[in-house]
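Participant: The structure that follows is given in the form of structure tokens.
Each reported figure results from applying straightforward, stated rules to the coordinates on display, with no laboratory input. All of these numbers come straight from a predicted model, not from anything done at the bench. Cβ sites come from the backbone with ideal geometry, for glycine too, and all protein chains shown count toward neighbours.
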Amino acid sequence: MNTRTSSVLGLLIAAQLAAAPAVMAEEEAGPTSALDISNFSLSTWFTNNYMFRGISNSDGPSGQGSLDWTYNGFYLGVWGSNTEFSDNDIEIDWYGGYRGEFAGFGYDVAALYYWYPGEDDSSTDTDDKQFDPVGGQEADYVELQLILSKSFDMAWSPTIAGKYNYSPDTFGEDGDAHAIQGDVGITVPMGFLGDIGISGTVGYQTVDGDKSSGKDLCLPYTNGELNDAVCGAGFGPVLDGYDYVYWRIGVSKEIAGFKFDGSYHVTDMSEDLKTFYPRTGEPSDFRDLIEPHVVLTVSRSFSFP
């Protein structure tokens with residue numbers, strides 16, 4: 001699932017709390033209950049920045065929504081958002097998987113398809129940017145995902161989760177990509193103010209490099225300056241993939257059915273990441289996508305009776 005502006009940990013907690021009674025009800029209702037309207041839910045997010053693994057994908061405000069179906073642990077869904085990395089400024093993600101519990105641990109196995117409708121492979125655009133990270137390559141890609149989580153029945157209800165994503169040919173036809181992420185969260189009672197959620201994330205993304213950041217690619221900029229040393233006049237050195245570390249810390253509060261979330265996102269600004277997202281001068285500056293961001297989000301989920 002790609003509800004990217006809210007923490008993965010929050011979704012895991014909600015899924016675990018809802019899973020047991022939902023499964024029991026579905027089993028009692030029989031096989032025809034799979035199409036009951038109660039198995040469907042809607043969610044919406046409004047945020048000042050669409051973040052994905054520490055990198056801004058909208059470079060500004062974003063509206064997002066999802067439609068989900070769940071039944072006996074299985075789920076299917078679709079999620080959409082505006083994005084900076086598409087000719088039509090839109091991303092739609094399709095996903096499906098299975099959630100369950102074993103030996104006290106929750107698990108979630110899924111497949112995701114990232115789709116950029118109307119994308120022109122020969123001329124990928126990112127609005128007014130001078131530099132295009134995917135260089136006109138195929139944007140759509142598939143990921144496989146595994147999540148393991150554990151909730152503890154103790155003060156502040158701590159929850160931990162580990163997440164692994166693998167793509168055989170990631171965004172921009174860039175070959176194998178691996179992402180490993182850990183999440184932790186607690187719920188802090190605040191008396192008459194109610195509960196406050198505090199969560200943190202640390203992750204590591206690596207991309208082998210092929211057509212977009214591969215060894216055969218010459219980039220026009222290197223860390224913001226032209227470099228003629230490798231690829232000839234006006235072009236900088238080649239890349240052989242990239243990797244980086246990202247972090248997030250956030251607080252959240254539910255009020256009248258709405259969830260308000262404030263979080264801080266940052267990457268380690270690795271040298272190859274800065275090469276892939278060069279500083280080209282204002283206003284066409286890709287570097288701001290990987291720099292630290294304070295993100296404010298309000299979301300709400302709706303279920304059907």
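Participant: At a 10 angstrom cut-off on C-beta neighbours, averaged per residue, how do the peptides 207-213, 250-256, 159-165 rank from highest to lowest?
Facilitator: Packing order, densest peptide first, comes out as 207-213, 159-165, 250-256.
Participant: Related question: Show me the ranking of peptides 239-245, 53-59 by mean Cβ neighbours inside 10 Å, starting with the highest.
Facilitator: 53-59, 239-245
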